[in-house]
Amino acid sequence: KKDIRKHLQDFFLNKTEKNQLFDTKTGQEMRHTVFLYLQTGLLAGLIYFDYTQSVRDLFMSPVSPHALLGIHIAICWFFLGLKQVVYAFVNWIFFDKERRKTWGESYSFLVSAEGILLFPLALVMVYFNLPAPQVLFYSILLLIFIKLLLFYKTFCIFFHSFHGFLHLIAYFCALEILPVLGLWQALEYTNDILL
């Protein structure tokens, strides 16, 4: 709780380099971040599996529902890991070390926050049998909210002036919007193969 509050303050208040002088991450903070990353992938896979159950008939499928759920979760985890590697590479090419560090912390916080915010939705979905279209709608609203926060933070860190706005749009579309659409297509293609 204290760690999340600290990251929330750091996200909205731009820290100066003087404040970052003694700012070190502990192993416990890294464990929390990794756990919340894994939780985000797990919940995204679970929500997509629920959507698959509502759209397709899994009664006579050759793959068991447990295996299909595991495959969806593995694809979401792979997506999060691959996206982290691609961001590190692209940011390493274009931006300096301080900006990359600040952005990496902000991005990790937003992915963790996405997992935290998906958790109540997944609980309502599982325990109260919320219809899949509503779950998908709320998930998309949450995703849009997180992407808007990421857009804001990317603008604050990398593109300080308005003349860099076109670069921001290209950067954001290439590294945020297209990968999400690619994840959806990968999950749909996996369902087409397995079912």
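What number of residues within the range 122-141 are closer than 13 Å to V180 by Cβ and crowded, with 16+ Cβ neighbours inside 10 Å? Even if it seems obvious, please write down each step before you answer.
Kept after step one, since they are closer than 13 Å to V180 by Cβ, are these residues of the range 122-141: 139-140.
Remaining after also requiring crowded, with 16+ Cβ neighbours inside 10 Å: 139.
The qualifying residues number 1.
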Handout entry: L46 being open to solvent by less than 20 Å² (accessible area, probe 1.4 Å), assigned to a helix (DSSP H, G or I) and under 18 Å from Y189 (Cα atoms)
Key = no
Handout entry: Which listed residue is surrounded by fewer than 13 Cβ atoms within 10 Å (Cβ to Cβ) and at pLDDT 85 or above, from W77, W92
Key = W92
Problem - Tabulated pairs, the range 80-99, first in contact (Cβ under 8 Å) with a residue 40 or more places away in the chain and part of a helix (DSSP H, G or I), second of a type in the set (G, A, S) and surrounded by 12 or more Cβ atoms within 10 Å (Cβ to Cβ), C-beta under 6 angstrom, 6+ apart or interchain - result: L80/G41
Completion exercise
For the range 51-72, pairs from a residue that is over 11 Å from N191 (Cα atoms) to a residue that is part of a loop (DSSP other than H, G, I, E, B) and open to solvent by less than 90 Å² (accessible area, probe 1.4 Å), with Cβ under 8 Å and 6 or more apart or across chains, are S54/P131; P62/L195; P65/L58
Handout entry: Candidates L183, L110 - the one that is closer than 24 Å to M30 by Cα, of a type outside the set (V, I, T), assigned to a helix (DSSP H, G or I) and under 12 Å from the mean Cα position of the chain (by Cα)
Key = L110
Fill in the blank from the handout: Of the candidates F151, F119, the one satisfying the condition of being aromatic (F, W, Y), out of contact with any strand residue (DSSP E or B) (no Cβ under 8 Å at 6 or more places or on another chain) and open to solvent by less than 60 Å² (accessible area, probe 1.4 Å) is F151
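To keep it simple, each residue is scored yes or no on (1) at pLDDT below 90; (2) not aromatic (F, W, Y).
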| site | (1), (2) |
| --- | --- |
| F119 | no, no |
| V135 | no, yes |
| Y138 | no, no |
| L148 | no, yes |
| Y152 | yes, no |
| L183 | no, yes |
| A186 | no, yes |
Practice task
Check the range 101-108 and report whether any residue there is modelled with pLDDT under 90, farther than 28 Å from Q53 by Cα and among the acidic types (D, E).
Solution key: yes
Problem - Residues of the range 59-74 satisfying the condition of being in a helix (DSSP H, G or I) and either surrounded by 19 or more Cβ atoms within 10 Å (Cβ to Cβ) or of a type in the set (A, V, I, L, M) (or both) - result: A67, L68, L69, I71, H72, I73, A74
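The values are calculated or read from the model by the stated rules, or taken from the named source; none is laboratory data. In this text, all values refer to a predicted model and were calculated from it rather than measured experimentally. Note that each Cβ is placed from the backbone with ideal geometry, even for glycine, and that neighbours are counted across all protein chains shown. Please note that ligands, DNA and RNA were not included when accessible areas were found on the heavy atoms of the full protein model with its side chains. Shrake-Rupley method; radii C 1.70, N 1.55, O 1.52, S 1.80 Å.
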